[in-house]
Amino acid sequence: MYRKIVPLALLATLAGCSDSQDTIKASFHKAAQASLDTRYPHCFVISSFPTKTQDFDVHGTNKALHALAQVGVVSEKEISRTEIPARLWSPARTDIYYAYDLTDEGRKYYKAGAGLCFGKAQVTAIEQFSEPSEATGQKLSNVTYAYKIIELPAWAANDQVKASIPGLGQAVASNAAPLKETRTLVLTGQGWVDDQLLAQ
């Protein structure tokens, strides 16, 4: 019986390559987490308080606030109701305006000048990355990683709330179906850093 003999030097080289890959993935993991930490808690609902129903609600805030009132994050009080008769181009409708303010629960997540912000992103895996290469005098790598959103309040899982707030459904489901994104990382004197952070 013959055995293929692999020189010790080659074994050491192969082990070194594996260690190098693990080391660089660990560095990318750290950089990806640092990038996410600057973006979370995420402000899912942009609004100041107290506030009221908006006439031109481009971002769907009225719907979000109404849903949040049902789970105790904000208070909701009707302030006016107007019956609009049918016209040639539109059916009859009732316009209801509400006043909203934060409850004790809502104050836990309110960030002045931003809105209701919550959740923490956690990197779960480095999916793939390009071989680090020189460009514009810097060493760069495009890194794709998966992450999940943790530390969400219990009411975030409410079906009406998820349906009314863009992106919240995906955040809630991310434990089972991690989110993914690709970022360009730059090697600096302090290690790998998201290039978007360097631009700030």
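For segment 45-111, just list the percent of Cα-Cα distances falling in each 5 Å bin from zero outward, please.
Here the calculated profile for segment 45-111 is 4, 16, 25, 21, 15, 9, 6, 3, 2, 0.
Given the Cα-Cα distance of ALA114 and ASP55 and 0.36 nm per residue of separation, how much length would full extension add, in nm?
Additional length available on full extension: 19.2 nm.
Taking neighbour Cβ counts within 10 Å as the exposure measure, how do HIS59, HIS42 sort from fewest upward?
HIS59, HIS42
Take the Cβ-Cβ distance between GLN138 and ASP101 as r, set R0 to 45 Å, and report the resulting FRET efficiency rounded to the nearest 0.05. Each step should come with its number before you reach the end.
Numbers: r = 49 Å, r/R0 = 1.08.
In this case the efficiency is close to 0.40.
How would you classify segment 87-126 from its alpha-carbon gyration tensor, with a ≥ b ≥ c the square roots of the eigenvalues: rounded for a/c under 1.5, else prolate if a/b is greater than b/c, otherwise oblate?
oblate
Would you mind computing Rg(Cα) / (2.2 N^0.38 Å) for the chain, counting N as its residues?
For the chain, the normalised Cα radius of gyration comes out at 1.52.
So which lysines pass the test for LYS120, namely a Cα distance under 19 Å, with those fewer than 8 places away in the same chain ruled out?
LYS30, LYS108, LYS111, LYS148, LYS162, LYS180
In whole Hz and in residue order, list the ³J(HN,Hα) couplings for segment 30-45 that follow from phi through the Karplus curve 6.51 cos²θ - 1.76 cosθ + 1.60, θ = phi - 60°; x for Gly and Pro.
My calculation for segment 30-45 gives 5, 5, 5, 5, 4, 5, 5, 5, 7, 10, 10, x, 8, 8, 6, 10 Hz in order.
Laboratory data are not the source of any read-out in this text; all were calculated from the coordinates shown. These numbers come from a predicted model, not from an experiment. Counting neighbours? That spans all protein chains shown, and the Cβs are built from the backbone with ideal geometry, glycine included.
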